[in-house]
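Have a look at the structure below before the remarks.
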Amino acid sequence: MAAQAYLGIDIGSLTVKVVALDEQAHILGRGLAEAGYGGQEAAEFLVNKVLQESSVLPGAVACTVVTGYGRVRFAAADREVSEISCHARGAMHLNQATRTVIDIGGQDSKAIRLDESGRVVDFAMNDKCAAGTGRFLEVMAGALGVSVGQLGALALTSSTPVTISSTCTVFAESEAVSHISRGATRQDVARGLLQAICSRVLGLTARVGMLPAVVLTGGVALNEGIVAELSRQSATVVWVPPDPQTVGALGAALYALQYGKTK
Amino acid sequence: MGRRHKRLKTASELQRLMQWHYASLRLPRLGRPLAWVTSGAPVEILRAMGVAVAYPENYGAICGAQHQATALCQQAEAEGYSPDLCSYARTSLGAIFQPHAAPMGGLPKPDLLLACNNICSTVVKWYEAAADSLHVPLFVLDTPFIHRELTPQMSAYVLTQLDELVEFVERSCGRRLSAERLRRVARQANETVRLWGEIRAMCRARPSPLNAPDLFVNMAPIVVLRGTGGAVRFYRHLHSEVAERVRDGVGAVSEEKYRLLWDNIAIWPQLYRFYNYFVNYGACFVADTYTGAWSMEIPQGDIMKGLAETYASVYLNQSLEYRARRMIDLIKEYDVQGFVMHSNRSCKPYSLGQYAIRRMVTQETGIPGLVVESDMCDERAFALEPIRTRIQAFVETLESMGGSHTTQPVVEGTGVR
Ligand code: SF4
């Protein structure tokens, strides 16, 4: 195969994602794996796996861009680009109407606003706090004894959610526990928790100004309860792309394509 | 890459001046009393009454830069002070409680305290706690917050208190105010302020002769030694060195690509490291809102009245609109392409409202602003990786904007209009 490939790697705190593109920006392959310790090894392993599966020879990789928290220590890349730029680029590629990207990842969440040409004009990230992140959902699912996926499904069946007033993950957990011990149903507590996380995320989004179309990325986008709650609270349609977890890696691959061609 | 920070020739002179200042506080003062004062206090009156002054805030900054502040903050927390309290206050109280564990053994014990709430209300409680532990008298100067403009009633109210301050110093240490000396001190203060203002203004040059760490380090005398001959001499030398850099086209950052504006107090423990993340991208902070807070000249005429007006109208005692306006002016004057706001966990008056200011500034100028969360002294609030990510993303944003200065708002809907 003479065709060249362009790689995007997103090394996050919980997972690593890889996307390989051809010269026309068509997806040759993609993959996702747990990050493990530091994410470096997992990333290398995943890169080989994706290349193999899409029958790309390692020598055919023309350019590699890495993003995510592990980006700094990943030596095998040509460039590193921040998650902000990569998520914006990936979302814009999937939906030309994108003006706002909300990404809820494992340990941080971010809101990005773009102009018509896809340029980032503003962004905001949560600060040193797990509230409003995937980690928050994990802790809360644990408190309710369900999986993260079940948490969203449960929430959808509640019509009388409890109020979780604390935005702190640790305090919110004890609030949830006290609601349960006072006899609240799992459904109502689950919905209360999702409402808390969504109001936090929308607060962050308000900093950059929320404009349609709104695209939700990151692993949390797979949670239907969150998507429904975000749409309801913001009275805006929140669009979830297929495979929302790899949007950052896709953006990185698009940068690789850009740099690789101008190299 | 070579040295990322170009040292000024006057750096050793500055160091000597500050060392002399701190040493002189410990020398026998021949009966001259010592006052601890807040950074926004009308120090000219004390100097004209022959009172030596020390600035716990400057001491806090020094402890911060020497990585000693966090431990002192923890001392204060162990005594029951909240970790949410300003880290200058905690550093200072920690040093009062455990002087042997503090740089320079803490500040020498004062004879009186003067707190002016034109910068914040924290200083009132902080100085009350200090007065309590040290058993010394405290004078609190109350300056009403300026929502729109300084009214004659407000100036009159502050002026009455300045007269009371003079009586307070007379009563507590038997010093008298000499009108002649007050005139001289005010003249020297204005001379310092003028020189410092001109030095800052020279950063309009391309490339800018100074970067944020230079401004932060060199502001010490304007705060601590304002109104003294030593400060005037130092700023004359700095002035000519900076003028020389401008003349020779020497920039603080080797290849200046982006010109930025800084808002809020420096991150003292990370002074060079933090700003070097920007230097790596060719970004130079050519202006800031912090070191300009001491650039107000005392108006001509009745000095006491002039002092009342000057100190009542300091930067932090004014509305968010005023602060946004100042930033917009600086952006235009210094041809700035982006601004960075330090959301300083310690300093509530400076940090609250930054998002509103940011929106106003971006709406009017069209340039992007980054908010970075940290603390001026408490290193527990500094998280390197999230900060690096934000800086990188911000520089990418600047780059995608073409790095050029745009006066057209590029944003179609920045929230509230
Ligand atoms: S709260 Fe802010 S203004 Fe007040 S003493 Fe602390 S740093 Fe200074």
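The values are calculated or read from the model by the stated rules, or taken from the named source; none is laboratory data. Just so we're clear, the structure is a prediction, and the values are computed from it rather than from any experiment. Backbone-built Cβ (ideal geometry, glycine too); neighbour counts: all protein chains shown. Please note that ligands, DNA and RNA were not included when accessible areas were found on the heavy atoms of the full protein model with its side chains. Shrake-Rupley method; radii C 1.70, N 1.55, O 1.52, S 1.80 Å.
Only one of A:ALA206, A:ALA213 is under 30 Å from A:HIS93 (Cβ atoms), surrounded by fewer than 16 Cβ atoms within 10 Å (Cβ to Cβ) and at pLDDT 80 or above; which?
Numbers: A:ALA213 fails: surrounded by fewer than 16 Cβ atoms within 10 Å (Cβ to Cβ).
A:ALA206 is the lone residue from the list that is under 30 Å from A:HIS93 (Cβ atoms), surrounded by fewer than 16 Cβ atoms within 10 Å (Cβ to Cβ) and at pLDDT 80 or above.
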Report yes if some residue within the stretch A:87-110 is touching a Cys at 6+ places or on another chain (Cβ under 9 Å) and either open to solvent by 50 Å² or more (accessible area, probe 1.4 Å) or assigned to a strand (DSSP E or B) (or both); otherwise report no. no
Only one of A:ILE102, A:ILE84, A:ILE9 is within 14 Å of another protein chain (Cβ to nearest Cβ) and modelled with pLDDT of 90 or more. Can you tell me which? A:ILE84
Name, by its number, the condition in (1) buried (at least 20 other Cβ atoms within 10 Å of the Cβ); (2) more than 15 Å from the ligand (Cβ to nearest atom); (3) more than 25 Å from A:GLY209 (Cβ to Cβ) that does not hold for B:TYR311. (2)
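Give the residues of the stretch A:155-200 that are surrounded by 14 or more Cβ atoms within 10 Å (Cβ to Cβ) and assigned to a loop (DSSP other than H, G, I, E, B), sorted by residue number. Explain how you work it out, then say what you get.
Let us first name the residues in the stretch A:155-200 that are surrounded by 14 or more Cβ atoms within 10 Å (Cβ to Cβ), namely A:155-156, A:158, A:161-162, A:164, A:166-167, A:169, A:172-173, A:175-176, A:179-180, A:184-200.
The answer is A:SER158, A:PRO161, A:VAL162, A:ILE164, A:SER166, A:THR167, A:ALA184, A:THR185.
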Output for the stretch B:261-274, where each listed residue is out of contact with any Cys (no Cβ under 9 Å at 6 or more places or on another chain) and either open to solvent by 10 Å² or more (accessible area, probe 1.4 Å) or within 23 Å of B:CYS86 (Cα to Cα) (or both): B:TRP262, B:ASP263, B:ALA266, B:GLN270, B:LEU271, B:TYR272, B:ARG273, B:PHE274
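Yes or no, residue by residue, for (1) modelled with pLDDT under 95; (2) aromatic (Phe, Trp, Tyr):
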site: B:PHE234; (1), (2): no, yes
site: B:SER240; (1), (2): no, no
site: B:ALA252; (1), (2): no, no
site: B:TYR258; (1), (2): no, yes
site: B:LEU261; (1), (2): no, no
site: B:LEU271; (1), (2): yes, no
Answer yes or no: is there a residue in the stretch B:44-66 that is open to solvent by less than 10 Å² (accessible area, probe 1.4 Å), in a loop (DSSP other than H, G, I, E, B), of a type outside the set (A, V, I, L, M) and under 29 Å from B:ASN190 (Cα atoms). yes
If a residue must be surrounded by fewer than 22 Cβ atoms within 10 Å (Cβ to Cβ) and either closer than 27 Å to B:GLU399 by Cβ or in contact with a helix residue (DSSP H, G or I) (Cβ under 6 Å, 6 or more places away or on another chain) (or both), how many such residues does the stretch B:350-361 contain? 6
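Could you please let me know if B:VAL371 is under 20 Å from the mean Cα position of the chain (by Cα), buried (at least 21 other Cβ atoms within 10 Å of the Cβ) and within 12 Å of chain A (Cβ to nearest Cβ)?
On the way: under 20 Å from the mean Cα position of the chain (by Cα): yes; buried (at least 21 other Cβ atoms within 10 Å of the Cβ): yes; within 12 Å of chain A (Cβ to nearest Cβ): yes.
Yes; evaluated as a whole, the condition is true for this residue.
Just name the residue that is farthest from the other protein chains (Cβ to nearest Cβ) out of those in the stretch B:119-140 that are charged (D, E, K, R) and within 16 Å of the ligand (Cβ to nearest atom).
So in the stretch B:119-140, the residues charged (D, E, K, R) come out as B:125, B:128, B:132.
Next cut, within 16 Å of the ligand (Cβ to nearest atom) only: B:125, B:128.
Values: B:LYS125: 26, B:GLU128: 31 Å.
Applying the filter and picking the extreme gives B:GLU128.
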Test of understanding: among B:THR70, B:THR38, which residue is among the β-branched types (Val, Ile, Thr), within 17 Å of B:PRO108 (Cα to Cα), touching a helix residue (DSSP H, G or I) at 6+ places or on another chain (Cβ under 8 Å) and within 16 Å of the ligand (Cβ to nearest atom)? B:THR38
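Let's see how each residue does on (1) within 16 Å of the ligand (Cβ to nearest atom); (2) of a type outside the set (S, T, N, Q):
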| site | (1), (2) |
| --- | --- |
| B:PRO110 | no, yes |
| B:ASN117 | yes, no |
| B:ASP142 | yes, yes |
| B:GLY197 | no, yes |
Go through the residues of the stretch B:390-407 one by one and say whether even a single one is more than 7 Å from every other protein chain (Cβ to nearest Cβ), surrounded by fewer than 18 Cβ atoms within 10 Å (Cβ to Cβ) and at pLDDT 90 or above. yes
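Name every residue in the stretch A:227-253 that is more than 22 Å from A:PRO212 (Cβ to Cβ) and surrounded by fewer than 24 Cβ atoms within 10 Å (Cβ to Cβ), in order of residue number. Can you show your working first?
Let us first name the residues in the stretch A:227-253 that are more than 22 Å from A:PRO212 (Cβ to Cβ), namely A:245-246, A:249, A:252-253.
Once the filter is applied, which keeps residues that are more than 22 Å from A:PRO212 (Cβ to Cβ) and surrounded by fewer than 24 Cβ atoms within 10 Å (Cβ to Cβ), the stretch A:227-253 yields only A:GLN245.
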Looking only at residues in the stretch B:327-349 that are within 16 Å of the ligand (Cβ to nearest atom) and assigned to a helix (DSSP H, G or I), which one is most open to solvent (accessible area, probe 1.4 Å)? B:LYS348
Residue in the stretch A:48-61 that is assigned to a strand (DSSP E or B) and open to solvent by 10 Å² or more (accessible area, probe 1.4 Å) present: yes
For the subset of the stretch B:73-90 comprising residues that are among the aliphatic types (A, V, I, L, M) and surrounded by fewer than 24 Cβ atoms within 10 Å (Cβ to Cβ), which member is farthest from the ligand (Cβ to nearest atom)? B:ALA78
Would a scan of the stretch B:177-190 turn up a residue that is in contact with a strand residue (DSSP E or B) (Cβ under 9 Å, 6 or more places away or on another chain) and open to solvent by 20 Å² or more (accessible area, probe 1.4 Å)? no
